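**Student:** This is the structure, below, for whatever I ask next.
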Amino acid sequence: MDLSSLQVASPLSAAAWMALAGVPASIILLYFLKLRRRPVEVSSTLLWRKSLEDLQVNSLFQKLRRNLLLLLQLLMVALLMLALLGLTTSGTRSEGRRLILVLDHSASMTATDVAGEPILGSKPTRLDEAKRQALRVVREKSANDLVMVIAFANRAQVVSSYTADEYELVKRIEALEPTQATTSLRDALEVAAGLANPSKLIEPQEGEVATEVVPPEMFIFTDGGFPDVEDFSLGNLRPRVVLIGPKPSPTAPFEGGSSSTSPGVVAQPSDNVGLIALQTRRNEERPDEYQVFGTIRNHRDTETRVMATLYAILPDDGTPVIEDAMEVVLGPRSDASVLFDRRAPEKGALLEVRLDVEDAFALDNRGFAVVSPPRKCRVLVATKGNRLLLQALQTEASQLLVETQVVTPDQLEQEATRNALRAGQYDLAIFDNCAPAEPPECNTLYFGAMPPGEPFAKARTVANPILLDWDSTHPLLQYVRDLRIIAVLEALVLDELPPAARSLIESDKGTLAFVTPRSGYLDAVVGFAISKEDRPGNTDWTLKIGFPLFLFNAVQTLGNADQALQGRLIQPGDTVTLLADALAESIQVTDPAGTVTTLKRNSQGTFLFEGAQQLGLYKATWENGSSHFAVNLFSPRESDLSTRGVPPEGTDQEFADEFKIKVGASRLESAESIVAAQRLWWKPFALAALGILIVEWYIYNRKVYV
């Protein structure tokens with residue numbers, strides 16, 4: 001051992017050490033003292049008194065004799081003093097390390113498939129094991145090591161910035177709570193890289209010596225249930241993976257196989273059966289009924305029987321009432337479907353599906369859905385008799401959702417129509433080659449015209465625009481794939497879109513279609529007309545399948561038609577955009593735990609709710625109405641509890657990298673065991689002192705003399 005690497009970190013003050021130094025001297029002094037006996041008069045010894053007085057020593061102390069107990073006691077005190085010195089060895093470096101501990105606290109980390117003693121009567125979770133290993137690093141760090149703690153799920157948060165305070169680090173790690181969100185490592189890496197990689201070096205002052213920047217060491221405590229992080233530079237970070245959960249078992253890759261965590265290799269079995277999808281829709285054969293579809297996945301390598309139960313949740317007090325149940329048999333590592341047929345409720349319904357199964361992951365054993373009342377959206381169409389537009393709104397699918405009223409552009413100026421638009425009697429207003437005098441109290445869709453208002457007054461006409469790009473991710477253009485081959489003869493474009501507007505279709509002459517918010521509503525503008533009086537064929541889009549699809553999307557998105565029946569997936573941690581029927585300035589959102597959050601209308605006329613952290617049913621209320629939405633996990637990655645980050649034993653080197661986590665161009669190596677940079681010597685000293693105390697006690701009680 002290099003004595004130069006020894007460090008002292010004693011918890012005692014100088015005054016306490018001075019007092020402790022007197023303990024060995026006191027023990028020795030006690031052995032110098034004579035044993036004082038009680039005098040007793042014995043008549044037969046009176047004749048010997050004179051002789052005894054000559055033999056007695058008149059001093060207080062006696063000669064120190066060899067005594068094993070004395071030696072043991074002195075040795076025990078010496079070992080205790082060494083333990084209290086807090087001796088450590090931390091290599092040959094004088095500067096401390098920089099440690100970044102990144103803890104995964106996503107939904108899958110609540111799995112109870114790790115070994116350990118029960119905590120408060122519950123099985124330990126993967127997060128408990130991750131915290132235990134992180135706390136080990138903290139407790140074994142050297143005095144000048146700095147530690148940063150980051151927690152991540154779908155987002156990352158800094159639990160503790162760089163600090164050497166062990167008490168504070170332990171307190172914050174132990175207080176880390178699990179989440180029900182999905183997992184993404186990118187956000188955590190961005191936070192760590194931003195804090196660990198200095199953007200500029202601080203120039204040393206005159207007389208100071210510039211020191212080398214210590215590269216940070218990064219430990220990621222995770223089960224690996226997330227996608228690889230592409231196009232990311234780690235900088236001077238040196239990440240290693242600490243695998244939490246059962247290690248992958250030896251397996252052979254097979255051609256064409258895949259798993260949810262690692263493509264190209266056989267999926268590892270895990271102790272979980274869960275819902276990965278749940279949606280509701282109207283029965284196409286019986287419109288007065290709706291169907292509840294669910295998909296169950298068995299991750300075990302054995303056949304499993306599961307009872308799936310459908311509950312109707314009473315809106316008043318949240319009491320679940322059994323509606324239906326069915327038994328499902330799932331083969332090893334396979335999927336199965338459940339289907340419940342129910343009569344469409346007049347006032348809507350709140351539903352829950354539960355799986356009666358004992359496994360290591362309880363969060364995906366429940367799913368929630370909201371069924372809206374069977375109401376058609378009210379649509380006003382202002383046109384001069386555009387046959388192509390009206391026929392597209394009369395398809396079989398649209399008629400199930402739409403209740404249409406047709407007016408001419410001249411009738412828009414009539415007082416009855418204007419009052420109906422002011423009063424919000426329509427969910428959607430479609431204007432074909434015309435526009436109202438004032439914005440209506442509903443969502444709108446314009447063809448070949450611009451909405452009223454100053455931002456749209458400077459529209460100009462362009463000829464023969466060529467479509468270049470479009471936003472296929474927007475709900476209005478969902479499934480619309482034929483825009484590349486359509487032709488437009490004439491269109492209106494704006495040189496500058498209004499603030500917060502979103503472009504839908506771009507051309508070489510400008511933006512041909514966009515959406516823009518307006519006081520709680522949305523205005524969708526398609527700058528080219530379907531047809532005009534002087535140009536019946538302004539575009540051939542009406543001859544393509546994409547045109548009726550666009551109108552159907554518009555009815556669903558802008559007309560608010562059966563939004564709940566479309567199975568919109570909201571996962572924990574997502575930001576939820578809420579709309580109120582009335583122009584309410586605020587709404588109240590109640591989560592499954594009963595916590596109420598008040599939201600204010602934003603500049604785009606919507607309400608953004610960021611408190612959807614729990615699975616379950618949420619209720620939004622305002623002055624004249626209310627609505628519900630469901631938050632579900634439904635994540636194959638979180639439900640698949642097979643771990644990733646360490647290749648299974650026996651895996652061919654060719655496929656070993658498939659099990660490792662990829663960040664940028666690098667594959668992260670695993671940290672099989674975290675070796676502390678220092679060695680703590682107080683523990684062996686304390687154990688040796690305890691052993692000597694036991695020996696001393698044995699010798700004293702057995703009257704052993706040496």
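**Student:** Return the residues of the stretch 519-546 that are over 15 Å from Gly448 (Cα atoms) and modelled with pLDDT of 85 or more; say none if nothing qualifies. Steps first, answer last, please.
**Tutor:** Step one: filter the stretch 519-546 for residues over 15 Å from Gly448 (Cα atoms), giving 519-522, 543-546.
Listed by number, the residues that qualify are Leu522, Leu543, Lys544, Ile545, Gly546.
**Student:** Same structure again: I'd like to check which helices (runs of 4 or more DSSP H) are fully inside the stretch 378-470 and have at least 2 residues that are within 44 Å of the chain's Cα centre (by Cα), more than 25 Å from Leu512 (Cβ to Cβ) and of a type outside the set (A, V, I, L, M, F, W, C). Show your work before the answer.
**Tutor:** On the way: elements: 387-392, 396-399, 415-422.
Fully inside the stretch 378-470 and qualifying: 396-399.
**Student:** Any residue at all in the stretch 617-632 that's of a type in the set (Asp, Glu) and not in a loop (DSSP other than H, G, I, E, B)?
**Tutor:** no
**Student:** Next up: When the stretch 132-174 is examined, which residues are found to be assigned to a loop (DSSP other than H, G, I, E, B), in contact (Cβ under 8 Å) with a residue 24 or more places away in the chain and closer than 19 Å to Arg97 by Cα?
**Tutor:** Here is the first cut: in the stretch 132-174, the ones assigned to a loop (DSSP other than H, G, I, E, B) are 140-145, 153-155, 164-165.
Retained after the next criterion (residues that are in contact (Cβ under 8 Å) with a residue 24 or more places away in the chain): 140-145, 153-155, 164.
Result: Glu140, Lys141, Ser142, Ala143, Asn144, Asp145, Ala164.
**Student:** Please go through the stretch 388-417 and pick out each residue that is surrounded by 17 or more Cβ atoms within 10 Å (Cβ to Cβ), of a type in the set (A, V, I, L, M) and modelled with pLDDT under 80.
**Tutor:** Hit for the stretch 388-417 is Leu401, nothing else.
**Student:** Given the condition modelled with pLDDT under 80 and either within 30 Å of Ala193 (Cα to Cα) or among the aliphatic types (A, V, I, L, M) (or both), answer yes or no: does some residue in the stretch 269-291 qualify?
**Tutor:** No: zero hits.
**Student:** Based on this model, can you work out whether Asp145 counts as within 19 Å of Leu243 (Cα to Cα) and among the acidic types (Asp, Glu)? Don't jump to the end; show me each part of the working.
**Tutor:** Values: within 19 Å of Leu243 (Cα to Cα): no; among the acidic types (Asp, Glu): yes.
No: the conditions fail for Asp145.
**Student:** Next question. Here are some conditions: (1) surrounded by fewer than 20 Cβ atoms within 10 Å (Cβ to Cβ); (2) without any contact (Cβ under 8 Å) to a residue 24 or more places away in the chain; (3) not in a loop (DSSP other than H, G, I, E, B). Thr511 meets all but one. Which one does it not meet?
**Tutor:** With respect to (1) surrounded by fewer than 20 Cβ atoms within 10 Å (Cβ to Cβ); (2) without any contact (Cβ under 8 Å) to a residue 24 or more places away in the chain; (3) not in a loop (DSSP other than H, G, I, E, B), Thr511 is out only on (1).
**Student:** Sticking with this structure for a sec: Given the options Ala83, Ala78, name the one that is small (Gly, Ala, Ser), surrounded by fewer than 17 Cβ atoms within 10 Å (Cβ to Cβ), in the same structural domain as Val23 (by TED's automatic domain parsing) and touching a Pro at 6+ places or on another chain (Cβ under 9 Å). Give the derivation first.
**Tutor:** Numbers: Ala83 fails: surrounded by fewer than 17 Cβ atoms within 10 Å (Cβ to Cβ).
Step by step, each of Ala83, Ala78 is checked, and only Ala78 is small (Gly, Ala, Ser), surrounded by fewer than 17 Cβ atoms within 10 Å (Cβ to Cβ), in the same structural domain as Val23 (by TED's automatic domain parsing) and touching a Pro at 6+ places or on another chain (Cβ under 9 Å).
**Student:** Answer yes or no: is there a residue in the stretch 138-147 that is polar (S, T, N, Q), surrounded by 17 or more Cβ atoms within 10 Å (Cβ to Cβ), in the same structural domain as Phe226 (by TED's automatic domain parsing) and in contact with a helix residue (DSSP H, G or I) (Cβ under 7 Å, 6 or more places away or on another chain).
**Tutor:** So the first thing to find is which residues in the stretch 138-147 are polar (S, T, N, Q), and the list is 142, 144.
Imposing the further condition that a residue be surrounded by 17 or more Cβ atoms within 10 Å (Cβ to Cβ) reduces the set to 142.
Cutting the leftovers down to in the same structural domain as Phe226 (by TED's automatic domain parsing) gives us 142.
Next cut, in contact with a helix residue (DSSP H, G or I) (Cβ under 7 Å, 6 or more places away or on another chain) only: none.
Taking every residue of the stretch 138-147 in turn, none turns out to be polar (S, T, N, Q), surrounded by 17 or more Cβ atoms within 10 Å (Cβ to Cβ), in the same structural domain as Phe226 (by TED's automatic domain parsing) and in contact with a helix residue (DSSP H, G or I) (Cβ under 7 Å, 6 or more places away or on another chain).
**Student:** Among (1) farther than 30 Å from Pro440 by Cβ; (2) surrounded by fewer than 20 Cβ atoms within 10 Å (Cβ to Cβ), where does Gly385 come up short?
**Tutor:** So Gly385 meets the others, but not (1).
**Student:** Which one is surrounded by the fewest Cβ atoms within 10 Å (Cβ to Cβ), of the residues in the stretch 285-315 that are charged (D, E, K, R) and in contact with a strand residue (DSSP E or B) (Cβ under 9 Å, 6 or more places away or on another chain)?
**Tutor:** If we filter the stretch 285-315 for residues that are charged (D, E, K, R), which is where we start, we get 285-286, 288-289, 297, 300-301, 303, 305.
The next check asks that each one be in contact with a strand residue (DSSP E or B) (Cβ under 9 Å, 6 or more places away or on another chain); those that pass are 286, 288-289, 297, 300, 303, 305.
Numbers: Arg286: 12, Asp288: 9, Glu289: 14, Arg297: 20, Arg300: 18, Glu303: 11, Arg305: 11.
The qualifying residue surrounded by the fewest Cβ atoms within 10 Å (Cβ to Cβ) is Asp288.
**Student:** Which one of these is buried (at least 19 other Cβ atoms within 10 Å of the Cβ), modelled with pLDDT of 90 or more, assigned by TED's automatic domain parsing to the domain that holds Leu278 and part of a loop (DSSP other than H, G, I, E, B): Phe361, Phe368?
**Tutor:** Details: Phe368 fails: part of a loop (DSSP other than H, G, I, E, B).
Residue meeting the stated conditions: Phe361.
**Student:** Tell me whether the stretch 317-329 contains one or more residues that are in contact (Cβ under 8 Å) with a residue 40 or more places away in the chain and part of a strand (DSSP E or B).
**Tutor:** The answer is no, given that none of the residues of the stretch 317-329 is in contact (Cβ under 8 Å) with a residue 40 or more places away in the chain and part of a strand (DSSP E or B).
Conditions tested, residue by residue: (1) touching a Leu at 6+ places or on another chain (Cβ under 7 Å); (2) not acidic (Asp, Glu).
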residue: Leu401; (1), (2): no, yes
residue: Gln405; (1), (2): yes, yes
residue: Leu412; (1), (2): no, yes
residue: Tyr426; (1), (2): yes, yes
residue: Asp432; (1), (2): yes, no
residue: Pro436; (1), (2): yes, yes
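**Student:** On to the next question. Name the single residue that is modelled with the highest pLDDT among those in the stretch 639-672 being farther than 25 Å from Asp113 by Cβ and hydrophobic (A, V, I, L, M, F, W, C).
**Tutor:** By that ranking, first place goes to Val663.
**Student:** Let me confirm something: among Gln133, Gln180, Gln157, which residue is of a type in the set (S, T, N, Q), touching a Pro at 6+ places or on another chain (Cβ under 7 Å) and closer than 27 Å to Phe361 by Cβ? Break it down stepwise before answering.
**Tutor:** Details: Gln133 fails: touching a Pro at 6+ places or on another chain (Cβ under 7 Å); Gln157 fails: touching a Pro at 6+ places or on another chain (Cβ under 7 Å).
Step by step, each of Gln133, Gln180, Gln157 is checked, and only Gln180 is of a type in the set (S, T, N, Q), touching a Pro at 6+ places or on another chain (Cβ under 7 Å) and closer than 27 Å to Phe361 by Cβ.
**Student:** Mind listing whichever residues of the stretch 330-358 are outside any loop (DSSP other than H, G, I, E, B), acidic (Asp, Glu) and within 25 Å of Ser635 (Cβ to Cβ)? Working first, answer last.
**Tutor:** Residues of the stretch 330-358 outside any loop (DSSP other than H, G, I, E, B): 330, 335-343, 349-356.
Okay, now just the ones that are also acidic (Asp, Glu), so 335, 341, 352, 356.
Selection gives Asp335, Glu352, Asp356.
The values are calculated or read from the model by the stated rules, or taken from the named source; none is laboratory data. For clarity, every value in this text was computed on a predicted model and none was experimentally measured. Quick reminder, even Gly has a Cβ in these numbers, built from the backbone with ideal geometry, and neighbours come from all protein chains shown.
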